[in-house]
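Report on the following structure.
The values are calculated or read from the model by the stated rules, or taken from the named source; none is laboratory data. This is a predicted model, so every value here is computed, not measured. Cβ coordinates were reconstructed from backbone atoms using ideal geometry, including for glycine residues, and neighbour counts include every protein chain displayed. When the accessible area is computed, the model is the full protein with side chains, heavy atoms only, and any ligands, DNA or RNA have been set aside. Shrake-Rupley method; radii C 1.70, N 1.55, O 1.52, S 1.80 Å.
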Amino acid sequence: MESISPAIGSTLLPPAKSHDRTHPLFGSSLTTSRRINLNGICRKSRISAEQKASTAAVAIDFTDPDWKSNYESDFESRFNIPHLTDVFEDAVPFPSTFCLKMRTPITEDIADGYPSDENWHGYINNDDRVLLKVIRFSSPTSAGAECIDPDCTWVEQWVHRAGPRKKIYFKPENVKAAIVTCGGLCPGLNDVIRQIVITLEIYGVKKIVGIPFGYRGFGDELAEMPLSRKVVQNVHLSGGSLLGVSRGGPTVSEIVDSMQERGISMLFVLGGNGTHAGANAIHTECRKRRLKVAVVGVPKTIDNDILLMDKTFGFDTAVEEAQRAINSAYIEAHSAYRGIGIVKLMGRSSGFIAMQASLASGQVDICLIPEVAFHLHGPHGVLGHLKYLLETKGSAVLCLAEGAGQNFLEKTNAKDASGNIVLGDIGVHIQQEIKKYFKALGAPADVKYIDPTYMIRACRANASDGILCTVLGQNAVHGAFAGYSGITVGICNTHYVYLPIPEVISYPRAVDPNSRMWHRCLTSTGQPDFI
Ligand SMILES: Nc1ncnc2c1ncn2[C@@H]1O[C@H](COP(=O)(O)OP(=O)(O)O)[C@@H](O)[C@H]1O
Ligand SMILES: O=P(O)(O)OC[C@H]1O[C@](O)(COP(=O)(O)O)[C@@H](O)[C@@H]1O
Ligand SMILES: [Mg+2]
C-alpha cells in the first residue's frame with residue numbers, strides 16, 4: 001500500500017522540528033515551550049509520535065479555583081524578557097540618547113553627552129504589554145480553536161511591547177555593534193541591516209560592523225565590514241544580504257571568544273530557527289562569562305515558520321513572487337492540449353508560501369503542503385483528480401511546498417552544514433509520476449514543471465515587507481539599548497513585541513489544517529481530500 005504523509009488531526013501540530021535535535025556544532029537542542037491541547041494538557045510540543053511519547057505532559061488541575069491566575073502568572077514568567085540587570089544588578093541606567101528632537105547628525109565627539117528629552121512622549125513604558133491571542137473561542141470545536149481548558153475559558157496572555165525606552169543601559173560611545181545574517185537568503189535582509197545601522201547612529205553609536213557570511217565570519221576571522229548610514233543608504237534596493245550568509249560555522253564558545261576579542265557589546269542576529277537557537281546560546285554563554293552584551297534577534301524565514309508572529313519579513317514578497325510563477329504555470333497549462341503546470345515553492349516543514357500563493361493567484365487546482373497527508377495513486381489520489389480536471393477543465397495547476405509528500409521519496413539522511421535534512425525534489429517526483437500515470441492510461445498530458453524557489457528568495461522586499469523590516473530593525477536596536485538580551489522582535493496582532501527566543505523556536509510554526517486559512521485555500525482550489 002502507498003504510504004502517506006503523517007496524518008495531522010485538528011488538534012495536532014505538524015512535522016519535524018528542524019532544531020529539535022542536537023546540533024552538530026553546538027551540542028544540545030532547545031525545547032522549552034509548552035503547548036496546550038484541548039484536554040487541558042500542556043505539552044512541550046505536538047509533533048511526531050516519538051516526540052510526543054517522550055514529552056512529559058504537565059496536567060493542569062482545572063478543579064483548582066486558581067488554575068487560571070496560576071496559568072496567567074506562569075505565562076508572564078515564560079514571556080519575561082531577559083535583562084542585563086538580571087546579571088548586573090547594580091547596572092545604572094541613564095536617559096536615552098534616542099530623541100527625535102535631535103535634527104542634526106552627530107559629527108563631533110560626544111564627550112558631553114547627547115541630546116535627550118525625558119518629556120518626549122515617544123517612549124515605551126517597560127510595563128506596556130500586547131495581547132498575544134485576540135480571539136475568544138466559545139467552543140473547542142470552533143475552527144482553529146486554541147483552548148486551555150475544556151470550556152475554552154478566556155485567559156489573558158500578554159507579551160512585552162517593543163520600542164524605545166526612556167532609560168538605556170549602554171553608553172553609545174562605548175558600544176561596538178555587530179550585525180550578522182545567517183541561514184538562507186530572504187527578501188528584506190538588507191532593509192533590516194540598513195535600519196539597524198541607521199538607528200544605531202541615531203543613538204550615537206560610531207562603531208558598527210557587519211560580520212561576513214553568517215556565524216562562519218566569527219570562526220574564520222574574516223574581516224569585519226565597517227557599516228554606516230552612508231554604506232547602507234541604498235542596500236535595500238537589491239535582494240540578498242550585503243554581509244553574505246552561510247550555514248554551519250564555529251561553536252558558540254568560539255563565537256563568544258571572537259566577540260570578546262573584537263569587543264562587541266551588541267550583536268544583532270538575523271536568521272531563522274537555527275540562527276535563533278545559536279543567538280540564544282550566545283546570549284547564555286555571554287551571561288555565563290558575565291559579559292555586558294546584548295544579543296537581539298530579528299526573525300528571518302521565508303518559510304514563515306517562526307511561532308507566535310503574524311508573519312516574518314520576506315514572506316509577503318515571497319508570496320507575491322510565487323504567484324507570478326503560478327501564473328506562468330497556468331498560462332503554460334492552459335495554452336497546452338491537456339496541460340498540467342506544477343510549481344514547487346519553498347517550505348521545508350511549513351506550507352505557508354504554497355497556501356498563500358495558491359490563494360493569492362486563484363489559479364491553483366491542487367495545493368499540497370507538508371502538514372496535510374495525501375495519496376498520489378488510488379481512488380482518492382492526486383493523479384485521479386488530475387485526470388478529472390483534464391477531462392472537465394482541460395488543464396490543471398498544481399502548487400506544492402518542497403516539504404510536501406517527502407514520504408514518497410527515498411530518504412538519503414543527507415544534512416546541510418547546519419544539520420537541516422536535505423529534502424528530495426518532490427516536484428520532479430510528481431512530474432514523473434504524472435507522466436507515467438497518463439502514459440499508462442494511454443491519455444495525453446503535457447506536463448510543465450517550474451521551480452522558482454531561488455528566484456523568489458533572491459528578490460528585494462516589496463513595500464509591505466520594506467515597512468516591516470524597518471520597524472523590526474529599529475525595534476531591535478531599541479531593545480538592545482534598553483538592556484534586553486536573548487530576545488527577538490516580532491509583530492503580533494499588528495503590534496510590535498519583544499519575545500524571549502526559546503518561546504518562538506520551540507518547534508517550527510506550521511499551517512494548521514483546521515485553520516480558517518487552510519479551509520479558505522481548499523474552498524478556492526476546489527480540491528478534495530486526497531486520502
Ligand atoms: N541548535 C542550534 N544551536 C546553535 N546554532 C545553530 C543551531 N542550529 C543551527 N545553528 C546555526 O545557525 C545558523 C543558521 O541555521 P540554519 O538552520 O541554516 O538557518 P536558519 O537560521 O534560517 O534556520 C548556522 O550557522 C547554524 O550552524
Ligand atoms: O539551498 P539552501 O540554502 O539550503 O536553502 C534551501 C532552504 O531555504 C529555505 O527557504 C529557508 O530555510 P532557512 O530558513 O533555514 O534559511 C527552505 O525552505 C529551503 O529548504
Ligand atoms: Mg532553519
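In the list I306, I208, I202, which residue meets the criterion of being touching a strand residue (DSSP E or B) at 6+ places or on another chain (Cβ under 8 Å) and modelled with pLDDT under 95?
That would be I306, the only listed residue that is touching a strand residue (DSSP E or B) at 6+ places or on another chain (Cβ under 8 Å) and modelled with pLDDT under 95.
Considering only the stretch 247-277, how many residues are β-branched (V, I, T) and within 16 Å of ligand 2 (Cβ to nearest atom)?
2
Is one or more of the residues making up the stretch 259-275 of a type in the set (S, T, N, Q), over 13 Å from C182 (Cβ atoms) and at pLDDT 95 or above?
Yes, the stretch 259-275 contains at least one residue that is of a type in the set (S, T, N, Q), over 13 Å from C182 (Cβ atoms) and at pLDDT 95 or above.
Working only within the stretch 259-273, note down all residues that are among the small types (G, A, S) and within 16 Å of ligand 3 (Cβ to nearest atom).
The answer is G271, G272.
Quick check on this structure: which one of K288, K311, K300 is open to solvent by 10 Å² or more (accessible area, probe 1.4 Å) and near ligand 1 (Cβ under 9 Å from one of its atoms)?
Step by step, each of K288, K311, K300 is checked, and only K300 is open to solvent by 10 Å² or more (accessible area, probe 1.4 Å) and near ligand 1 (Cβ under 9 Å from one of its atoms).
Please work out which one of (1) at pLDDT below 95; (2) open to solvent by less than 10 Å² (accessible area, probe 1.4 Å); (3) not small (G, A, S) is the condition R348 fails and give its number.
Every listed condition holds for R348 apart from (2).
When the residues of the stretch 66-88 are filtered to those that are aromatic (F, W, Y) and assigned to a helix (DSSP H, G or I), which remaining residue is farthest from H478 (Cα to Cα)?
Checking each candidate, the answer is W67.
Given the stretch 156-266, what helices (runs of 4 or more DSSP H) lie entirely inside it while holding 2 or more residues that are without any contact (Cβ under 8 Å) to a residue 24 or more places away in the chain and surrounded by fewer than 18 Cβ atoms within 10 Å (Cβ to Cβ)?
In the stretch 156-266, the matching helices (runs of 4 or more DSSP H) lie at 252-262.
If a residue has to be within 15 Å of the chain's Cα centre (by Cα) and among the hydroxyl-bearing types (S, T, Y) to count, how many in the stretch 460-495 make the cut?
Of the residues in that region, 1 qualify.
Can you spot a residue in the stretch 381-394 that is within 16 Å of ligand 1 (Cβ to nearest atom) and open to solvent by less than 30 Å² (accessible area, probe 1.4 Å)?
no
Condition check: within 16 Å of ligand 1 (Cβ to nearest atom) and buried (at least 17 other Cβ atoms within 10 Å of the Cβ). Does G419 satisfy that?
Here the answer is yes, as G419 does meet what is asked.
Can you spot a residue in the stretch 129-140 that is more than 27 Å from N280 (Cβ to Cβ), of a type in the set (S, T, N, Q), open to solvent by less than 60 Å² (accessible area, probe 1.4 Å) and modelled with pLDDT of 90 or more?
yes
Filter the stretch 295-342 down to the residues that are in a strand (DSSP E or B) and away from ligand 2 (no atom under 16 Å from the Cβ), then identify the one that is nearest to the chain's Cα centre (by Cα).
Checked the stretch 295-342; the qualifying residue nearest to the chain's Cα centre (by Cα) is V296.
Mind telling me which of the residues Y484, Y507 ends up being aromatic (F, W, Y) and open to solvent by 10 Å² or more (accessible area, probe 1.4 Å)?
Every option except Y484 fails the conditions.
Can you name the residue in the stretch 270-294 that is hydrophobic (A, V, I, L, M, F, W, C) and farther than 15 Å from G219 by Cβ and, of all such residues, is farthest from the chain's Cα centre (by Cα)?
Only one residue fits best here, namely L291.
Go through H276, H283 for me and flag whichever is touching a Gly at 6+ places or on another chain (Cβ under 6 Å) and within 16 Å of ligand 3 (Cβ to nearest atom).
H276
Which condition breaks for I434 when tested against (1) closer than 20 Å to D128 by Cα; (2) surrounded by fewer than 24 Cβ atoms within 10 Å (Cβ to Cβ)?
Answer for I434: the failing condition is (1).
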